[in-house]
Amino acid sequence: MDFEKLKMFCKVVEAGSFQKAAESEFVSQRAVSQMMKKLENELGLKLFDREKNKIFVTPVGRDFYIYVRNMLQKFSVNVNALRYDSTTKQRLICGFFSPFDGALLREKLHDFLDEKVKLSIVHESIDHLLSDIANGLVDLATVLDYGDPGLVIDY
């Protein structure tokens, strides 16, 4: 399943016909019809009821449309935000486990960083924090540890 099929699905629902959606995208009605059939097969859902020269969106199709439209909109917003962030600010992502850690992070890092650095603080379990650090998704993390003071896990 790809974004083009999902975008075309939304265009078909909004236009109310394969033909109108096809015309708006400068493709054939047959291409759109086949694309929607492939989408239905991939999902295992019937999105449209087809009659001679007419289509009707099924109840499942309406629900799927709402989900897909929201997903595509969120995706677009997030990509635009990433484009903006990548050109305007450096970014520091910090993770914490307990609310106490989060409060300390905000307090200590807020004054340390200037307006050129975007600070993101995420709340995760200890296992997720370690995994996120290992995978480069978090720059640093803090957890309450009553063991060896000064223990640093470096990946």
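Restricting to the range 41-62, and then to whatever is in a helix (DSSP H, G or I) and within 16 Å of K7 (Cβ to Cβ), can you tell me which residue is most open to solvent (accessible area, probe 1.4 Å)?
Filtering the range 41-62 down to residues in a helix (DSSP H, G or I) leaves 41-43, 59-62.
Then drop every residue that is not within 16 Å of K7 (Cβ to Cβ), which leaves 42-43, 61.
On the way: E42: 85, L43: 49, G61: 0 Å².
Here the residue is E42.
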Exercise. Considering the range 116-143 alone, what residues qualify as being without any contact (Cβ under 8 Å) to a residue 12 or more places away in the chain, open to solvent by 70 Å² or more (accessible area, probe 1.4 Å) and not in a helix (DSSP H, G or I)?
Worked result: N135
Exercise. Can you name every residue in the range 4-24 that is surrounded by 13 or more Cβ atoms within 10 Å (Cβ to Cβ) and under 25 Å from the mean Cα position of the chain (by Cα)?
Worked result: K5, L6, K7, M8, F9, C10, K11, V12, V13
Seminar exercise, completed: All conditions in (1) open to solvent by less than 60 Å² (accessible area, probe 1.4 Å); (2) free of Cβ contacts under 8 Å to residues at least 12 places away in the same chain are true of M36 except (2)
For this session: Check the range 89-102 and report whether any residue there is surrounded by 14 or more Cβ atoms within 10 Å (Cβ to Cβ), assigned to a helix (DSSP H, G or I) and not small (G, A, S).
Result: yes
Problem set entry | Residue pairs meeting the criteria (Cβ under 7 Å; at least 6 apart or on separate chains; first without any contact (Cβ under 8 Å) to a residue 12 or more places away in the chain, in the range 47-73; second among the charged types (D, E, K, R)) | F56/D49
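The values are calculated or read from the model by the stated rules, or taken from the named source; none is laboratory data. All of these numbers come straight from a predicted model, not from anything done at the bench. Methodologically, a virtual Cβ is constructed for each residue, glycine included, from the backbone with ideal geometry; neighbour enumeration extends over all protein chains shown. Each accessible area value is taken on the protein alone, full model and side chains, heavy atoms only, with ligands, DNA and RNA left out. Shrake-Rupley method; radii C 1.70, N 1.55, O 1.52, S 1.80 Å.
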